Every structure is written in structure tokens, then in C-alpha cells.
Amino acid sequence: MFLGDAVLMLIISVVVIIIFLIVFAAKQYKRCPSNKVLVVFGKGVGGGASRTIHGGGTLIIPLIQDYAYLSLEPITVEIDLRGALSKKNIRVNVPASFTIGIGTSPQMMGSAAERLLGLDESTIRKQAEDIILGQLRLVIATLAIEEINQDREKFLNLINENVASELNKIGLEVINVNIRDITDESGYIEAIGKRAAAEAVNAAKVEVAQEEKKGATGEARENRERVVAVSVEQAAATEGKKKAERDQRIAVARLEAEGVAAEAAAQRQQEVAVSRERAEAEAGKKEAQRNQRVALAGLEAQAVEGENTAKADIAARNAQLAEAEAEAMRRSQVARVEAQRLVFEKERMLEAARLEKEVIVQEEIAKRRIEIEAEAHAEQTRRHARGEADAILAKYEAEAEGIRKVLQAKADGYNKLVQACAERPDIAPTLLLIEKMPELVAEQVKAVQNLKIDKITVWDGGNGNGNGKSGAAGFLSSMIGALPPVHELARQAGVELPGYLGRMTDAEKQGLGGDKPKA
């Protein structure tokens, strides 16, 4: 009894242990979904720091191993690159969108497990953005702006090569690159686009004019061929109709003639038969012979008359048929000539229209070319005039600014001078007059600087003028005395000159004559 219970307990224990092990193994067995990478790290993961699994599963050994997941979902990185320097030193703006994600190759999954495990999406996006910006600037620096703007395929290939190689180092790969509108600060790309658009518009206009010319020429040619074909067919139809009418009339006349001939032959056969019968009966009755001869003569006369009438009718019908044939031929020739005339007239009109259209088209093209050249020359003239006007305006503004600053400086100087002479305001005019003294003296000198002294002859007899001066000296002294003295100018201005400039005598003050001021 006790042995049976022990065995039962042992069996139950074994079953419980087996169930526990199955549940534990099922709990420790981790499966990896298709949009994630399972990273197993710890002891027994192989030669590397971790073991990566994509699309499968593995058993995690407790205590010595652990696991984590890396998401394979795409990450969009917006790059707003501004002022990148191109090969020709032109700064461009290249806004772009990069779609990246963790690669599924064993090497890239291992790199992602080493460098991205445990990082959130924003941190991964920031690292990728830094790498992409550096490589994008490097690619732009190797290309001219024309290559960036026109050969987008080459540009994208270089971006994929450079950016992908750097992103692969941290386990990321480039899924898609979307380059939006490329611009530059100087407007060079816009100018290239405008030039290309203008060239395309001009080429399209030329092609449209050429196609219109071809279409008009083809249309005129088809119209001409159609008119010619219609005229030819109409002439052939008219000619066939006339021939059919002629053949019909000839056939009718022939049938009528054959009918008349048949009637005459039948009548002659009948007369022969009658004559034969009467000849056989001639032996019987002489009266019958006489009657027979009379009847025969009458019948012969009628036969002759009938033959003559039939011949006349046949001749008349032949004449009418000949006239009808001649009239039909005439009408056919007239219709043919008229058709040819109409064809030639239409050809002349079409040729004139074609020539007129070609000349008009050429003149329109030449007119448009002249208008475009005139507009370009006018625009160039306007820009040149605008540049000259801006230069002149800048020059006058600079001169005005210089004059304003000079006047401002003088005003400041005069203000400081007045402030310095606050205790003696009478000194300020004196100082200002002294400042202008060289100019006043220069004006006095100008009064006599052009006199030709060697051309002046003074007649005084050598006796002087009673004041001890010779004639020439007196002449010069009186001439100098006639000039406005400096002291008089200062007195009229209300300014008293300092003593070191000399004083005027009483006689000079009264008459402004005599000798110079006493020093």
C-alpha cells in the first residue's frame, strides 16, 4: 500500500517537473517579429558582444543572458541645409528629407546593437542628422551649382554613396532621399532657370511657326491634289457618260438598220415565193398571169420604194449619229479644257496662297525677332541708365554729406568760439575777421595784380609833387590809397583790429588817403 502511494507520488512529481520545465522554456523562448531585431547579450552569445536575430527566435538562459529589441521602422530626418558652399564658391540652400532605418544585414545589425541599443528615436534621429549634414556639405563642395541643379541623378548618387557609407558605421541605411527646391542667396539658379525658360519659349515659338508652316503647306498641297483628283474624275465621268451615250445611239441605229434590212429581206423572200407560186399557176390561167405580172410589177415598185426609203432613213440616221458623235466629242473636249482651266486656276490660287503664307510667316518671325531684340536693348539701356542714375545720386549724396559735415564742423567751431569768448563777446568777430584776413588781402592784391607797371609812363618833370615823392612813387601811393583799407573794412564791420596790425591816422580816418597805417 505504501509502495504504491510512493510510486504515484513520484510519477506526479515527475509530471509536475516536466510541466514546469515546459512552461519555463516556453516563457524563456523569445521570438522576433518581422519589424524588429532581437538582440541577445550576456554569456554564451558567441564571439561578439551580442547576438542579433531577425525574423526568428532563441532561448534566453536566465541569469547569464538578457535581451532587447531594435525597431526597424523607418525614421524621417528633415535636413534644412542653409548656406552650403559649392565648388564655385556660391552658397546654396538644399532642403531635403532622408528616410533611414536600421539595416538587416548581420554586420549592420551588429553595429546597430553596439551603438544604438537603448537609444530612443529622437536621439537616433539627432545622430543621423549630424552625419547627414556633414556628408551633404562635403558632396556640395565637390560639385558646381550647374551640376547640382541639372544633374540630379549624379547628385543623389553621390549623396547615397557618402551618406550611406557613414550611416552604415552605426547600423543605419538610407531608404530614400528627397531633395526639394534648391536655391541660392545670389539668385544664380533663378537666373539660369529664366534663361533656360526664355530659350525654351523661343525654341518652342520657332518650332510652332515651322509646324504651322508645314501644316499650311501640307493642307494646301492636299487641297490642290484633291481639287485636281476631283476635276480629273469629273472629266473622266463626263467623258465616260458621253461615250456611253454615243455607244447607245450607235447600237440603237445599228439595230434599227438591221431591222429594216431584215424586213426587206423577208419581203423579198415572200415576193419570190409568190412569184414562184404564180409562175407554176401561169399555165392555168392567162388572167392569172396578167394579174400576176401586174401584181409583181406593183410589188417590185413597192419593194424598190421601200428599199429607197430604208436607205434614206439609214443615211439620215447615220448623219444624225455622226452629228451626235461630233457634238459629244466637242462637249467632251470643252469639258476637259474647262476642267484643266479650273485645275490651273486652283493651282495658281493655292500657289499664291502658299507663297503669301510663307512670306507672312517669315515676316512675322522677323518682326517678333526685332521686337525681342528691341525689348532686350531697351531693358539694357534702362538698366544702364538706372546704374548711372544710382551712381550720380550716390555721388551727390556723398558730396552733400561732406558739405553737411563741413558746415556742421564749422557750426560746432563757431559755437565753441562763442562759448570761449563768453566774457568778452567783442573778441569773437575780431577773431573771425582775422581768420578771413588772407582772403581780404588776396582780394586787394587782385585789384592790381594784372596791371602792367612797365607800360605806365608818368610825366612829372622830375620835380615831384611837393611832398618829397617822385612822380611814379606818388602815382603808386595814390593808387594803393584808392583801395579799400583793411582797417576801414574792419571798422564798417564793427570790429576793432588788434594793435599789432597798426593804427590809422586821423587824416586817414577822415579821408582814407595819405600814407599807410603807422606800425
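The values are calculated or read from the model by the stated rules, or taken from the named source; none is laboratory data. Since we're looking at a predicted model, the values are computed, not measured. All Cβ positions, even for glycine, are placed from backbone atoms using ideal geometry, and neighbour counts span all protein chains on display.
Quick look at the values:
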quantity: Evaluation of residue 256 against (1) exposed (fewer than 15 other Cβ atoms within 10 Å of the Cβ); (2) modelled with pLDDT under 75 (one fails), failing number; calculated: (2)
quantity: Yes/no for residue 125 being touching a Pro at 6+ places or on another chain (Cβ under 6 Å), assigned by TED's automatic domain parsing to the domain that holds residue 80 and among the charged types (D, E, K, R); calculated: no
quantity: One residue from 131, 145, 159 being of a type outside the set (Asp, Glu) and within 14 Å of residue 95 (Cα to Cα); calculated: 159
quantity: Residues (of a type in the set (Gly, Ala, Ser) and buried (at least 20 other Cβ atoms within 10 Å of the Cβ)) located in the stretch 112-136; calculated: 112, 113, 128
quantity: Residue within the stretch 55-65 that is touching a helix residue (DSSP H, G or I) at 6+ places or on another chain (Cβ under 7 Å) and at pLDDT 85 or above present; calculated: no
quantity: Test: residue in the stretch 120-139 that is among the basic types (Lys, Arg) and touching a residue at least 40 places away in the same chain (Cβ under 8 Å); calculated: yes
quantity: So residue 34, is it within 30 Å of residue 156 (Cβ to Cβ) and not assigned by TED's automatic domain parsing to the domain that holds residue 135; calculated: yes
quantity: Those residues of the stretch 38-92 which are under 26 Å from residue 124 (Cα atoms) and among the β-branched types (Val, Ile, Thr), in sequence order; calculated: 39, 40, 45, 52, 53, 75, 76, 77, 79
quantity: Subset of the stretch 24-56 [part of a loop (DSSP other than H, G, I, E, B), aliphatic (A, V, I, L, M) and surrounded by 15 or more Cβ atoms within 10 Å (Cβ to Cβ)]; calculated: 45
quantity: Identity of the residue in the stretch 186-195, in contact with a helix residue (DSSP H, G or I) (Cβ under 9 Å, 6 or more places away or on another chain) and of a type outside the set (Val, Ile, Thr), that ends up modelled with the lowest pLDDT; calculated: 193
quantity: Test: residue in the stretch 184-193 that is free of Cβ contacts under 8 Å to residues at least 60 places away in the same chain, outside any loop (DSSP other than H, G, I, E, B) and not aliphatic (A, V, I, L, M); calculated: yes
quantity: Boolean, residue 183 is surrounded by 14 or more Cβ atoms within 10 Å (Cβ to Cβ), modelled with pLDDT of 80 or more and more than 33 Å from the chain's Cα centre (by Cα); calculated: no
quantity: Residue check for residue 300: loosely packed, with under 11 Cβ neighbours inside 10 Å and either free of Cβ contacts under 8 Å to residues at least 24 places away in the same chain or not aromatic (Phe, Trp, Tyr) (or both); calculated: no
quantity: Among the residues listed as 336, 278, 330, the single one being charged (D, E, K, R), in contact (Cβ under 8 Å) with a residue 12 or more places away in the chain, part of a helix (DSSP H, G or I) and more than 30 Å from residue 218 (Cα to Cα); calculated: 278
quantity: Residue match in the stretch 408-425 (condition: in a helix (DSSP H, G or I), touching a Cys at 6+ places or on another chain (Cβ under 7 Å) and modelled with pLDDT under 85); calculated: no
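To keep it simple, each residue is scored yes or no on (1) at pLDDT 80 or above; (2) surrounded by 13 or more Cβ atoms within 10 Å (Cβ to Cβ); (3) within 37 Å of the chain's Cα centre (by Cα); (4) under 19 Å from residue 222 (Cβ atoms).
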{"position": "349", "(1), (2), (3), (4)": "yes, yes, no, yes"}
{"position": "359", "(1), (2), (3), (4)": "no, no, yes, no"}
{"position": "367", "(1), (2), (3), (4)": "yes, no, yes, no"}
{"position": "370", "(1), (2), (3), (4)": "yes, no, yes, no"}
{"position": "374", "(1), (2), (3), (4)": "yes, no, yes, no"}
{"position": "377", "(1), (2), (3), (4)": "yes, no, yes, no"}
{"position": "380", "(1), (2), (3), (4)": "yes, no, yes, no"}
{"position": "383", "(1), (2), (3), (4)": "yes, no, yes, no"}
